[in-house]
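See below for the structure under consideration.
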Amino acid sequence: MTLITSISGIRGTIGGRRDEGLSPNAIVEFTAAYATFLKMEDKTPKVIVGRDARVSGDMVNRIVSGTLMAMGINVVDLGLSTTPTVELSVASEKAGGGIIITASHNPAQWNALKLLNEQGEFISGQEGEKVLKIAKEHLYKFEKNDKLGSYSTDDTYLDKHIDKILALELVDKAVVKKAGFSVVIDCVNSSGSLVLPKLLQELGVETIHELHCTPDGRFPHNPEPLPENLSSLSNEVKFHKADLGISVDPDVDRLALVSEDGSFFGEEYTLVAVADYVLKNTPGSTVSNLSSTRALKDITEKHGSRHFASAVGEVNVVKMMKEQNAVIGGEGNGGIIFPELHYGRDALVGVALFLTYLAKTGTKCSQLRNSYPDYFISKNKVQLVEGADTQGILKQMQEKYQHLPTNELDGVKIDFDNDWVHLRRSNTEPIIRIYAESESQNTAENLAKKMIEDIRALLQENNS
């Protein structure tokens, strides 16, 4: 049984002894630590709680809510919700923070606590370290009877979220309705089942074929929206002769698309297409992380704007978006951040913007995809022994390739003309992750293999 604690949240498997996985003990400890952090920072003693539909969600939610109340925090429970919906509600409710109970794209046996600040954004690395320290040293104390927090529910925020999306200037219901789209959706039997069909209806989509849209948390396949997990969606799109397929992950912050011919639009290109539409109408910069496709940079420069690359992680993308006043940003995993709505990955706003753009172009989904530069990313990793000096290895790799342009913002990124390789260490495992991109799949894979060989050679050399 596994428990992974990091600055971005607490995640683990369900079941086992008290010291294994995301046990009730761990849930209480980290929730109490987060509540203590809010008190120390003098935040409003009010926290929004929401969860995805996985089977363990209700159990975790009850423990989280009860612990917050025991800490003197007032709880507003949204129940089944989405990550972006909870993020929006924190600011609307003027709460001190929020907890999203979701393990995102992880399999069903996992769950997690994702922690938000008073702006409805993920807490920073520095804030996360404070929470972890409080938990480790048990620096929390429960309140007496007369100072317990209150508990209330609010099931209106999914509708409010939809209303805010429909009110955006770049979302055009009339043009979407006129297009008469037929779509197939895969909501992996989680929270998207409650909100995505309704959003599409409100947008005026003519025909909606629902696949895996019962919000019981029983995932019919690996919930990460990658091509290897979306064969059923692809087949259904072709069977129904639909205009496109739409897939979201369990907490609805990642968006993947399937073209009308059953081909995969590519999670990297979800952001590229939406950014293309936004930049056509709103001049400004874009931001994605160092491991995302170069295609976003190409499209941004085509529109006469500047692209900036951040360290990996939503909190880092958001930070740079604010610094550069970006009009659109996100991550190459289908995560779209549209600051006019809020600073968080949001598959729902991505759907609305993409459908508006597709309708306005009057083209097929596959034709829109073919209008963008073709890049291929190879994703790999090197497993190291426990305690290995991963930072030292990355430093040696940077020195080995110092004759080429490198970026050390997050690990080491090496530019080979139009190709690149990004090497970064895992925060939770003795692993170096390797991302390589090229205009050729073979070249990308060969670049990754070369990096793996170099790292293994350095490991052997360091151990000799």
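The values are calculated or read from the model by the stated rules, or taken from the named source; none is laboratory data. As the structure is a computational prediction, the values presented were derived from the model and not from experiment. Please note: Cβ atoms are built from the backbone with ideal geometry, for glycine as well, and neighbour counts cover all protein chains shown. Each accessible area value is taken on the protein alone, full model and side chains, heavy atoms only, with ligands, DNA and RNA left out. Shrake-Rupley method; radii C 1.70, N 1.55, O 1.52, S 1.80 Å.
General observations
- Calculated FRET efficiency, K178 to S124, Cβ-Cβ distance, R0 = 45 Å: about 0.55 to the nearest 0.05.
- Charged-residue dipole, Cβ positions (Lys, Arg, Asp, Glu), the range 16-67 about Cα centre, Debye nearest 20: 140
- Linear extension gain, I431 paired with K94, 0.36 nm per residue minus alpha-carbon span: 117.4 nm
- Stokes-Einstein D (µm²/s) once Rh is taken as the Kirkwood radius of the range 234-364 over alpha-carbon pairs, at 20 °C in 1.002 mPa s: 146
- Each other residue within a Cβ distance under 11 Å of A32 adds +1 if Lys or Arg and -1 if Asp or Glu, for a net charge of 0.
- Over 32 Å between alpha carbons, listed pairs K238/K449; K164/K319; K280/K400; K297/K395; K114/K178; K94/K178: K238/K449; K280/K400; K114/K178; K94/K178
- In the chain, the DSSP-assigned H stretches of four residues or longer account for a calculated mean residue ellipticity at 222 nm of -12000 deg cm²/dmol, using -39500 (n - 2.57) per stretch and the full residue count as denominator.
- DSSP H segments from the chain that extend 30 Å or more along their own axis, Cα-based, with Kyte-Doolittle mean of -1.0 or above: 441-463
- Rg followed by Dmax, in Å, when the range 103-147 is reduced to its Cα trace: 14.2, 41
- Within the full protein context, the accessible area of K395 is estimated at about 100 Å² for a probe radius of 1.4 Å.
- Here the calculated FRET efficiency for E445 and K322, from their Cβ-Cβ distance with R0 = 30 Å, stands at 0.25, rounded to the nearest 0.05.
- For the range 58-124: rounded, prolate or oblate by the Cα gyration tensor [a/c cutoff 1.5]: oblate
- Rolling a 1.4 Å probe over the heavy atoms of the protein chains gives the chain an accessible area of 42 Å² per residue.
- Inter-label distance, nm, simple model (7 Å from Cα along the C-beta direction), D154/T361: 3.8
- Length gained when the stretch F416-T2 is fully extended (0.36 nm per residue, less Cα-Cα span): 145.2 nm
- Per-q log10 I(q)/I(0), the range 203-310, q = 0.15, 0.17, 0.18, 0.20 Å⁻¹ (Debye; single scatterer per alpha-carbon; no solvent): -0.75, -0.90, -0.96, -1.07
- Fraction of the pair-distance distribution of the range 310-390 above 14 Å, Cα-Cα pairs, percent: 73
- Measure of compaction for the chain (Cα Rg per 2.2 N^0.38 Å): 0.98
- Straight Cα distances below 16 angstrom link K241 to the lysines K364, with same-chain residues fewer than 8 positions distant left out.
- Whole-Hz ³J(HN,Hα) from phi, Karplus 6.51 cos²θ - 1.76 cosθ + 1.60, for the range 250-266, glycine and proline x: x, 9, 6, 10, 10, 10, 10, 10, 10, 6, 4, 8, x, 7, 8, 4, x
- All other residues whose Cβ lies under 15 angstrom from that of N325 are scored, Lys and Arg at +1 and Asp and Glu at -1, for a net of +1.
- Fraction of accessible area attributable to carbon and sulfur, the chain (%, probe 1.4 Å): 46
- K238-R218 FRET efficiency (beta carbon distance; Förster radius 30 Å; 0.05 resolution): 0.75
- Normalised convex hull volume, the range 308-464, alpha-carbon set, Å³ per residue: 133
- Divided by 2.2 N^0.38 Å, where N counts the residues, the Cα radius of gyration of the range 1-56 comes to 1.26.
- Shape category assigned to the range 40-163 from the gyration tensor of Cα positions, a/c cut at 1.5: rounded
- Paramagnetic reach from E206 in the range 233-249 [backbone N under 15 Å; point 7 Å along Cα→Cβ]: 240-244
- Gyration tensor (alpha-carbon) shape descriptor, the range 148-278, a/c threshold 1.5: oblate
- Residue-level accessible surface for F122, protein heavy atoms, 1.4 Å, Å²: 40
- Packing order of peptides 101-107, 88-94, 247-253, highest average first: 247-253, 101-107, 88-94 (average count of other Cβ atoms within 10 Å over each peptide's residues).
- Computed label-point distance, nm, for sites D42 and T406 using a 7 Å Cα→Cβ extension: 4.5
- Bridge orientation summary for the chain: considering DSSP beta bridges with both residues in this region, about 60 percent are antiparallel.
- Projected label distance in nm at N281 and D389, using a 7 Å step from Cα toward the beta-carbon: 5.3
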